[in-house]
Amino acid sequence: MKSRFLALLGSAVLSAGVANAGGFQANLQGQKQIGMGHVGTGLVLDQSSIFFNPGALAHLRQNGIQLGVSALNAKIAYRAPAPAINESYTDNPLSTPFQAYASFGKEDSPLRFGIGVYTPYGSSVNWGKSWQGRFGLNELTLQAIFIQPTISYRVSDKLGIGAGFVYSTGSVNLQRSIPLTTQLPSGYYAEGGVELDGAASGFGFNVGVFFQPTEKLSLGLTYRSKVEMEVKEGDVTFALPSSPLVTSQFQATQFDAKLPLPANITLGIGFKPTEALTIGVDVQRVAWSAYESLRFDYNAAVRGEMFSESLRNYEDSYIYRLGAQYRVSDILTVRAGAYYDNSPVEAGYLTPETPDADSRGVSAGLTLALSEKVDLDASFLYINKKERTDDASKSGGVPGTYKSVAYIPGVGLNYKF
Amino acid sequence: MKNVFYRWGATALLSSAFLFTGCEPEFEDDITVSRGDLDLSKYVAVGNSLTAGYQDNGLYLEGQAYSYPNILANQFSYAGGGPFAQPLFSQAQGNGSGYLRLAGFTATGSPLLVPVTDFLATESATSPFFKDEFTTEVQNFGIPGIRLSDIKTPGYGSAQGNPYFERITPDANQFQTYLARVSASNPTFFSSWLGNNDVLGYATAGGFSGTITPVATFTSLYTELITAMTANGAEGIVATIPDVRSVPFFTTVGPTAKPLLTAAVAAAQAQGLPITGVSALTKNTPARITITPASIKDASGGSILLTLTSSAYLPLIGQPTGRYWRELAASQSPTNAAATLRGYLTTFQIDTTRAFGLDPRNPVPSAFVLDDTEQAEINTATIAYNNAIKAQATAKNLAVFDAYEFFNSIQGGFMLNGVAYSPAFITGNLFSLDGVHPTQRGYAIIANRMIEAINAKYGATIPTIDVTQFRAVLIP
């Protein structure tokens, strides 16, 4: 009986990925830190302090270059509201958030210069073109690459300050189906669709203070500003029935949009009970309330409207992180950590683009010293978001129950000189 | 250094790829499906065109495949439902009775509807009877055109009866009534959505032809039908009859014709014609009524409904024309059109040389107008029928899909899965190109409502279906 329908319904092509933190934040900025719950603001671990705390960079004893990449594999399941039982799954090719940091300064100088290139926000979600929520979303890809030149100054052995300028470049691609069905000459049915595609850029900054009152205790405080990614004259492409009465309703060819990447304030504490053991705690506040709506302004009317807007009304959220590393030997250091991330998405606002929920992350990692100058980092992070049911009544989203998990292995290489 | 990096990187990626395959997100609760108190092993559907899957002014294979009984049966299969046999047309005769398709739009935006005439199952383009009978088991007894008042008519399945019932009636049983046929089907669960045509035919004819079944007859027959269906303890669902005035067949033309007629009447008054509105026939009589443009129903008010069939003729208002009567005569009596036409003109006292609609001597035909009197008759009957239906549901402890309430509740439109629905013609996604029958999507939405009613009545959790997998009107 079922096959009678399936034969006519066609098969689903589903693939996807999702950001690994609240909203579309991707907290994957250093392989050592990922291995210990992404703590790092109150620690001096390596060149990734350019991101975690520019104030701590000048406390690094050596110059170096660090390259790292994570293989983000996230899957989301959707179940339609009861008593419906249809489910959809996303599945995507690996997305690869990366980080590259380099710092340099004279050995005795209190000044350190650095540059970081990293990907703190991004999302790749592909639900396909046949799932129940396709008129909300087929596929969304958000990319933002931050480039951050940084200067750090060691005021004293106990105090460091630093600042970086952020230039962000990225892109957005959003595809959704339009509920207009036409019959192709082949006899098959085709649904309409729209694709919005554009390059985006924005500016911001990253400042931090690092304070180490004793050998065993260190503190860090950073502020990473909001970066407003602006799309100008992105492309709008419609696939529609050819009747002029229809196409005249969809005249737009270009769109403008602004997407806020929210500010973060992070307070971190590092504690070294022994020479070999380091424990870190971070509390991160993400100012998601900057994300009020997703709005596209068109250069010509779409169904009589010059723009489309759906409310997001995210709320500020906190992330709590705990991690530790233990230096087993000169060659091997091991790490473990965990975090809890409150979702910024309020009830009624869940969307298939970020079907977010409070999430739990656990991680482990290690560093192998391959030589005096070369270290290899490896990390693995598992994220499990709570199952969440929402009526999506305020966001124009897709009501139902969502469940997300992610597996994120990563490797990094450090070269010190 | 590079080699090390590659080796480690490759190992990490490979091991992760291995991990992922077994790590799908899982929901905390398994899917719950339960039949409750129901025995769904043999489902039988009783009804008319709606039950058959009729849409776009015809019954064809695709519509049959997506009929609401077939959707119900598909969902019942999750909860112990058995097979469900429908009298499907063959692929070679897949266009069935023929139907209307949307070929495009006129310059003014009116839909161009053209008949599909290939791959038909009918004997010829003019004969509504079918080439091949369907004599194997049937569980969907949806017969387009059947009224409740037809269910005890002997010969309704004969070559002089209803072509759709004739198709599924073996020649040897040609005098078996519809009631006898469905009574013998011995279901464990049934649905009944009968009675629409007991008012609909009169309504869509604008009161010009057809009759309204007397309420006493309706009540008696409905009681007999439900008693027969439940004789062996079957449970089931009954559906009420929608307010036919809420379908696009009656609501589409009025709003566009209103300004047209307002202008035509004003122009005639300016030339000194002593009229206050358009002249129209009422019921099947030569009596004239006057329809003021303001009384035509649109968003701003009014009550008079104009049929979808009137849209081709209303542009002729003010012209000396007898086109409607000529075409009616040709369709009713192809061999003797001229004499038939003369008969019409005499009976209804028509002078086709006068200004159509503006001069009482050439009034708008009754078939295009559902006036207040006719509407009142229809509404009174519909409400009385629905009371009879609901009374039987209560007496036999059956679930009810209150179609009357449902179609009235959606008049303002609603959103579902990011799609806007309304009773608007074509753009509303719910009604097919005949303006009376739902689209496949509309039928799926109705099926889900029925499942919800069944679940509530019988403590079952039969799953609803993803309605986005069904199409609405195909747009060229």
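The values are calculated or read from the model by the stated rules, or taken from the named source; none is laboratory data. Just so you know, these numbers come straight off a predicted model, no measurement behind them. With ideal geometry, Cβ positions are generated from the backbone for all residues, glycine too; neighbour counts draw on all protein chains shown.
Mind telling me which of the residues B:Ser409, B:Ser422, B:Ser432, B:Ser366 ends up being outside the structural domain of B:Ile291 (by TED's automatic domain parsing) and either crowded, with 22+ Cβ neighbours inside 10 Å or touching a Cys at 6+ places or on another chain (Cβ under 9 Å) (or both)? Quick ask: steps written out before the conclusion?
Values: B:Ser409 fails: either crowded, with 22+ Cβ neighbours inside 10 Å or touching a Cys at 6+ places or on another chain (Cβ under 9 Å) (or both); B:Ser422 fails: either crowded, with 22+ Cβ neighbours inside 10 Å or touching a Cys at 6+ places or on another chain (Cβ under 9 Å) (or both); B:Ser366 fails: outside the structural domain of B:Ile291 (by TED's automatic domain parsing).
Of B:Ser409, B:Ser422, B:Ser432, B:Ser366, the one residue that is outside the structural domain of B:Ile291 (by TED's automatic domain parsing) and either crowded, with 22+ Cβ neighbours inside 10 Å or touching a Cys at 6+ places or on another chain (Cβ under 9 Å) (or both) is B:Ser432.
What's the number of the condition B:Gln411 fails, among (1) more than 30 Å from B:Ser149 (Cα to Cα); (2) touching a residue at least 24 places away in the same chain (Cβ under 8 Å); (3) not in a helix (DSSP H, G or I)?
Here B:Gln411 meets the rest and fails (1).
Of all residues being hydrophobic (A, V, I, L, M, F, W, C) and more than 9 Å from chain A (Cβ to nearest Cβ) in segment B:77-101, which is farthest from B:Leu433 (Cα to Cα)? Just the residue, please.
Per the criteria, the residue is B:Ala79.
Of all the residues that make up segment B:371-399, how many are surrounded by fewer than 20 Cβ atoms within 10 Å (Cβ to Cβ) and either outside any helix (DSSP H, G or I) or within 14 Å of chain A (Cβ to nearest Cβ) (or both)?
Qualifying residue count for the region: 1.
Somewhere in segment B:263-279, is a residue under 25 Å from the mean Cα position of the chain (by Cα) and either small (Gly, Ala, Ser) or modelled with pLDDT of 90 or more (or both)? Let's see the steps before the verdict.
In the first step, residues of segment B:263-279 are kept if they are under 25 Å from the mean Cα position of the chain (by Cα); the result is none.
No, segment B:263-279 has no match at all.
Quick check on this structure: which one of A:Arg295, A:Arg303 is surrounded by 16 or more Cβ atoms within 10 Å (Cβ to Cβ) and within 27 Å of A:Gly198 (Cα to Cα)?
Working: A:Arg303 fails: surrounded by 16 or more Cβ atoms within 10 Å (Cβ to Cβ).
Sole residue among the options that is surrounded by 16 or more Cβ atoms within 10 Å (Cβ to Cβ) and within 27 Å of A:Gly198 (Cα to Cα): A:Arg295.
Is there a residue in segment A:186-202 that is free of Cβ contacts under 8 Å to residues at least 24 places away in the same chain, of a type in the set (S, T, N, Q) and within 14 Å of another protein chain (Cβ to nearest Cβ)?
Yes, segment A:186-202 has at least one match.
When segment B:437-459 is examined, which residues are found to be β-branched (Val, Ile, Thr) and either surrounded by fewer than 23 Cβ atoms within 10 Å (Cβ to Cβ) or not in a loop (DSSP other than H, G, I, E, B) (or both)? Outline the logic, then answer.
Within segment B:437-459, the first condition is being β-branched (Val, Ile, Thr), and the residues that meet it are B:439, B:445-446, B:451, B:454.
Residues satisfying the conditions are B:Ile445, B:Ile446, B:Ile451, B:Ile454.
Mind listing whichever residues of segment B:167-184 are more than 15 Å from B:Gly47 (Cα to Cα) and touching a strand residue (DSSP E or B) at 6+ places or on another chain (Cβ under 9 Å)? Please lay out each step first, then the result.
Applying the first criterion (more than 15 Å from B:Gly47 (Cα to Cα)) to segment B:167-184 yields B:167, B:169-176, B:184.
Hit for segment B:167-184 is B:Arg167, nothing else.
Of all the strands (runs of 3 or more DSSP E) wholly in segment A:300-386, which have at least 3 residues that are of a type in the set (Phe, Trp, Tyr)?
A:317-327
Yes/no matrix, rows are residues, columns are (1) closer than 20 Å to B:Ile237 by Cβ; (2) under 21 Å from the mean Cα position of the chain (by Cα); (3) acidic (Asp, Glu); (4) not in a strand (DSSP E or B):
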site: B:Asp132; (1), (2), (3), (4): no, no, yes, yes
site: B:Ile146; (1), (2), (3), (4): yes, yes, no, yes
site: B:Lys152; (1), (2), (3), (4): no, no, no, yes
site: B:Asn186; (1), (2), (3), (4): yes, no, no, yes
site: B:Gly195; (1), (2), (3), (4): yes, yes, no, yes
site: B:Val199; (1), (2), (3), (4): no, yes, no, yes
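List every residue pair whose Cβ atoms sit under 7 Å apart, with the two residues 6 or more apart in sequence or on different chains, where the first one lies in segment B:201-226 and is over 21 Å from B:Asp372 (Cβ atoms) and the second, anywhere, is of a type in the set (Phe, Trp, Tyr).
B:Phe218/B:Tyr385
Residue check: is A:Thr266 modelled with pLDDT of 95 or more, of a type outside the set (Phe, Trp, Tyr) and within 20 Å of A:Leu180 (Cβ to Cβ)?
When the stated conditions are applied, A:Thr266 does not pass them.
Would you call B:Ile462 aliphatic (A, V, I, L, M) and crowded, with 23+ Cβ neighbours inside 10 Å? Talk me through it step by step, then tell me what you get.
On the way: aliphatic (A, V, I, L, M): yes; crowded, with 23+ Cβ neighbours inside 10 Å: yes.
Yes: the conditions hold for B:Ile462.
Can you pull out the residues in segment B:283-304 that are in contact with a Pro (Cβ under 6 Å, 6 or more places away or on another chain) and more than 13 Å from B:Pro365 (Cβ to Cβ)? Reasoning before the result, please.
Here is the first cut: in segment B:283-304, the ones in contact with a Pro (Cβ under 6 Å, 6 or more places away or on another chain) are B:288, B:298.
Once the filter is applied, which keeps residues that are in contact with a Pro (Cβ under 6 Å, 6 or more places away or on another chain) and more than 13 Å from B:Pro365 (Cβ to Cβ), segment B:283-304 yields only B:Asp298.
Answer yes or no: is there a residue in segment A:356-363 that is within 14 Å of another protein chain (Cβ to nearest Cβ), within 19 Å of A:Leu43 (Cα to Cα) and surrounded by 24 or more Cβ atoms within 10 Å (Cβ to Cβ).
Scanning segment A:356-363 turns up at least one residue that is within 14 Å of another protein chain (Cβ to nearest Cβ), within 19 Å of A:Leu43 (Cα to Cα) and surrounded by 24 or more Cβ atoms within 10 Å (Cβ to Cβ).
Which of the residues belonging to segment B:26-56 are acidic (Asp, Glu) and loosely packed, with under 15 Cβ neighbours inside 10 Å?
Of segment B:26-56, the ones acidic (Asp, Glu) are B:26, B:28-30, B:37, B:39, B:56.
Those that are acidic (Asp, Glu) and loosely packed, with under 15 Cβ neighbours inside 10 Å: B:Glu26, B:Glu28, B:Asp29, B:Asp30, B:Asp37.
Mind checking whether some residue in segment B:185-196 is touching a strand residue (DSSP E or B) at 6+ places or on another chain (Cβ under 8 Å), assigned by TED's automatic domain parsing to the domain that holds B:Ser77 and of a type in the set (Val, Ile, Thr)?
Yes, segment B:185-196 contains a residue that is touching a strand residue (DSSP E or B) at 6+ places or on another chain (Cβ under 8 Å), assigned by TED's automatic domain parsing to the domain that holds B:Ser77 and of a type in the set (Val, Ile, Thr).
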